[in-house]
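The values are calculated or read from the model by the stated rules, or taken from the named source; none is laboratory data. Small disclaimer: the values here were computed from a predicted structure and weren't measured. Glycine gets a Cβ as well: all are built from the backbone with ideal geometry, and neighbour counts include every protein chain shown. In case anyone asks, the SASA skips ligands and DNA or RNA and just uses the protein heavy atoms, side chains included. Shrake-Rupley method; radii C 1.70, N 1.55, O 1.52, S 1.80 Å.
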Amino acid sequence: MKRIAFIDLGSNSVRFVIYEISKTGSYRLIYQEKNSVRLSENMWGTQKLTNEAMERSLRSLKAFVHMAEAMDVDTIKAVATAAVRLAKNGDIFIKTVKEQTGLELECIAGEEEARLGFLGVINTIGLKDFIIFDLGGASTEVTLVRDRHIAEVVSLPIGALTLTGTYQKGEEYTPKELEKMTKAVRNVIKEHTWLRNVKLPLLGIGGTARNIAKMDQRKLSYPITKLHNYEISYHRFHEIFEDVKGKSLEERKKISGLSSDRADIIIAGLTIVEELFNYVNTKTLVVGGCGLREGLFYDYYGTHYLGGNPIIDDILVHSAENVLLGMTKHELVHAKYITGLATTLFDELETLHKADNNARRCLITAGLLHDIGKRVNYYSHARHGCYMLVNSNLYGISHVEQAFSAFLVMNSHGLTPKEYKNFLYGKLLDQDQRSLGQKLSIILALAEALDESHEQFIRRLEVAIKYTSVALKIQYLEGRDVSVTKAAVEKLAKSFKKEFKKELEIEWTKARKEA
């Protein structure tokens, strides 16, 4: 077992995370903390970090080092970004950090900051072509991603703190100050013509992007509190922007979903996002909950556990299997086995359910994690599994697809009418999705029944779709007692007919014993 800590000292906040990596290579976040230190506050006249800002940051760093020691952390990796990078006394601050905390604080270049942000995003968001912006206090890193690789990158010298400090002279922006700031932001962005009119989704990381998602979710009474991979249309974003601009600081502090310690700099942050929307000419913003600190982790993990490649190929399967690696070997074998059976049945019955490949991936997710709820309570593991699946760190699928996968887990174990009605995350699913979910739940239930005894003795499945029936030929290993499995499978015939409108005809045949 290994514990690794990462510190991201930004211009506005300092973040601290601890990951635990097991001997099998599975990993989990076991601790995180964030403090608002405003390191770049009041530095823009002199280009120097103030004593007060440095003292605030040092107090947080000392506390984080103490926490790492208390939690038996093996290694700490600490980086600083734009505020330290741009400050004339940045080197002095780094030396002071070393003297007072023992930390080797590395000041990274804007391009490296963008690369690490990219790693945090590409390993947790299932997009191929898009534009990342990491909006910080003193800079905004913008990265054009093509086919899951960096095509262009730039560190823009504009951030929520710097713009506010430069253009807002009083308690609130005057119309002239706001117009001047907007024009300045627009001019900085326009210097990079590779961004013009590319019409790709924006993906925002950092506090401003997360607060946009929170405000939108509160307005919509969104049933899932998860911010990662949350989508916002330009229309909804623009409504938020106009609403925020029209309020005083005290009124902004009361906006549901907006952090009170960000209320004074949010207008500048939203202005940058608005101008990116317009210049890129896109209609969609995706919010990423993972950024630079996760990028630090994937950079380390890729080097030490993935043969040097920090970009994971199939992030959905990887993240699902990462959850699975915490199970026993017996549970892992069973989960992968029934997932294989479920996908075989899905493919064979495609003309009846007519589901696409996205639904197939949801079925794979549900198959791998169908028993995860047993960690909480065996007797209600379907309900617990549903909740855990929705709230697990599953990457590469949307919120709707994650809710759909959870629905499959819950429904495959016999959802009662009351539970069906009260399925909280089901608010994300329309009637067609629920109807498809009912069908795929039967497929998952059949796959589970085929390994009821957890012996993995089913060798082959053959499906023949007839006018009024479906013939399912099940070949099992000779010499095995299939009575328990037969009973479990045949119990589902009635439910199969209800969903697929065809009788399920089951034939059991023996396969030769393995040598």
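Note on Trp508 and Thr284: the extension gain reaches 75.5 nm, defined as 0.36 nm multiplied by sequence separation minus the Cα-Cα distance. Straight-distance candidates among the lysines for linking to Lys95, with alpha-carbon spacing under 19 Å and chain neighbours fewer than 8 residues away dropped: Lys48, Lys62, Lys77. Just the protein heavy atoms count here, and of the accessible area of the chain at 1.4 Å, carbon and sulfur take up 48 percent. Think of a 1.4 Å ball rolled over the protein heavy atoms: the chain then has 45 Å² of accessible area per residue.
Taking only the alpha carbons of the stretch 343-468, we obtain Rg and Dmax values of 14.3, 44 Å in that order. Couplings 3J(HN,Hα) for the stretch 206-223, derived from phi with the Karplus relation 6.51 cos²θ - 1.76 cosθ + 1.60 (θ = phi - 60°), are x, x, 4, 4, 5, 5, 4, 4, 4, 4, 5, 4, 5, 5, 8, 6, 5, x Hz, where x marks Gly and Pro. Shown here: the stretch 45-114, whose C-alpha atoms stretch 41, 28, 15 Å along the first, second and third principal axes, sorted largest to smallest. Take the residue pairs Lys354/Lys494; Lys183/Lys283; Lys329/Lys498; Lys180/Lys226 and return only those whose Cα atoms are more than 26 Å apart. Lys329/Lys498; Lys180/Lys226, as the Cα separations exceed 26 Å there.
For the modelled label position 7 Å from the Cα of Asp347 along Cα-to-Cβ, which residues of the stretch 460-492 have backbone nitrogen atoms closer than 19 Å? Only 460-465, 471-476 pass the distance filter. Computed extension gain for Thr46 through Ser380, at 0.36 nm per residue and net of the alpha carbon distance, reaches 114.1 nm.
Partner aspartates and glutamates whose Cα lies under 13 Å from the Cα of Lys336, excluding those fewer than 8 positions away in the same chain, are identified as Glu321, Asp371, Glu448, Asp451, Glu455.
Helix-derived [θ] at 222 nm for the chain: sum -39500 (n - 2.57) over DSSP H runs of at least 4, divide by residue count, nearest 500?
-14500 deg cm²/dmol
For the stretch 288-414, what percent of Cα pairs sit more than 27 Å apart? Value for the stretch 288-414: 23 percent of Cα pairs lie more than 27 Å apart.
Against the main long axis of the alpha-carbon atoms of the chain, helix 329-348 sits at an angle near 70°. The calculated P(r) of the stretch 164-236, using every Cα pair and 5 Å bins from 0, goes 3, 12, 16, 14, 20, 18, 13, 4, 0 in percent. If you plug the beta carbon distance of Ala493 and Tyr305 into 1/(1 + (r/R0)^6) with R0 = 45 Å, you get a FRET efficiency near 0.50.
Take Thr225, project a point 7 Å from its Cα along the Cβ direction, then tell me which residues of the stretch 271-307 have their backbone nitrogen under 20 Å from it. Counting backbone N atoms under 20 Å from the label point, the list is 287-291.
For the stretch 142-195, the pair-distance distribution built from all alpha carbon pairs, in bins 10 Å wide starting at 0, is 21, 40, 24, 12, 2 percent.
The Rg/Rh ratio for the stretch 1-45, using Cα coordinates for both the radius of gyration and the Kirkwood hydrodynamic radius, is 1.23.
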